[in-house]
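Where a number appears in this text, it was derived from the coordinates with a stated rule and is not lab data. Every value quoted in this text rests on a predicted model; they were computed, and no experiment measured them. As a convention, Cβ positions derive from the backbone with ideal geometry for all residues, glycine included, and neighbour counts pool all protein chains shown.
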Amino acid sequence: MSGIRELTKNILATIRVLNGSREADCVRIAHDLYAQVQNRIIQTGMDSNGIAFPDYSVSQLPKTFLLGRSRNASAESRVKGKKGNTISYVEFRTLNLLQVKHVDLFLTGEMWKNTGVKVISSVLGRVTVLIDGKTPQANKKIDLNSERYKTNILEPSAQEIDAAGQAFSKRRMLKFKI
């Protein structure tokens, strides 16, 4: 009988650990997902369905539209020094020493830096988390980019969800030495 008692004690202890770490586990999974989404967009310029965002525009705009938007003073001086009164967004990014091969939604990095995971609710063993902007400015950029590209830019792909789930399962097995 002591074997059954010991087994029951161990099962109850495991349940307490699992329940006690549920919120932290959910936040970690969401952080894993967010990192994958961010890397996918910055590295490949693809949405969650594997479709490339449309290329950066080569249409000419009045240079004044982009003045004051450079990453730093050096880049701003290059934009101001460009001959003529017009500039395309591809030229603007090039003068800011940014890649132009695919849309990466990265100019200053503020949107990505100010996006993270929020716990929306944690009730009766159910935890709801949200990957969203941490500031009103980041939320505005997320919303504008999602509208511009007609997709939720923070939506993880099926492969990213699967990878996060597998990583979570692996961490759990290591934790309990399964």
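Once Rh for the chain is found with the Kirkwood sum over Cα pairs, what is the Stokes-Einstein diffusion coefficient at 20 °C and 1.002 mPa s, in µm²/s?
110
Please report the Cα spread of segment 74-178 along all three principal axes, rounded to whole Å, starting with the longest.
Largest to smallest, the principal-axis extents are 65, 28, 26 Å.
Between Thr44 and Asp162, what FRET efficiency comes out of the Förster formula 1/(1 + (r/R0)^6) with R0 = 22 Å and r the beta carbon distance, rounded to 0.05?
Computed FRET efficiency for Asp162 and Thr44: 0.80.
Under the 0.36 nm per residue contour assumption, what length would be gained going from the current alpha-carbon distance of Lys140 and Gln99 to full extension?
Net length gain for the segment: 12.4 nm.
Stretched out fully, how many nm does the piece from Ser21 to Thr8 gain, at 0.36 nm a residue minus the Cα gap?
2.7 nm
Return the distance in nm (one decimal) between the two label points of a simple spin-label model at Arg71 and Ile120, each offset 7 Å from Cα along Cα→Cβ.
Label at Arg71, label at Ile120, 3.4 nm between them.
Relative contact order for segment 85-156: what percent, with Cα pairs under 8 Å and sequence separation of 6 or more? Mind showing how you got there, number by number?
Numbers: 62 pairs, mean separation 15.0, N = 72.
Computed over segment 85-156, the figure is 21 percent.
Around Leu61, which amide H atoms from residues at least 5 apart in sequence, or from another chain, sit under 5 Å from its own amide H, with H modelled in the peptide plane?
Ile87, Ser88
Treating only the Cβ atoms of Lys and Arg (+1) and Asp and Glu (-1) as charged, compute the dipole magnitude of segment 56-101 about its Cα centre; round to the nearest 20 debye.
60
For the chain, what is the charge dipole size about the Cα centre, in debye to the nearest 20, if Lys and Arg each add +1 at the Cβ and Asp and Glu each add -1 at the Cβ? Before the final figure, lay out each step's value.
Numbers: 28 positive and 16 negative charges, 102 e Å.
The calculated dipole for the chain is roughly 480 debye.
Over segment 1-128, what is the relative contact order in percent, taking alpha-carbon pairs closer than 8 angstrom and at least six residues apart?
It rounds to 29 percent for segment 1-128.
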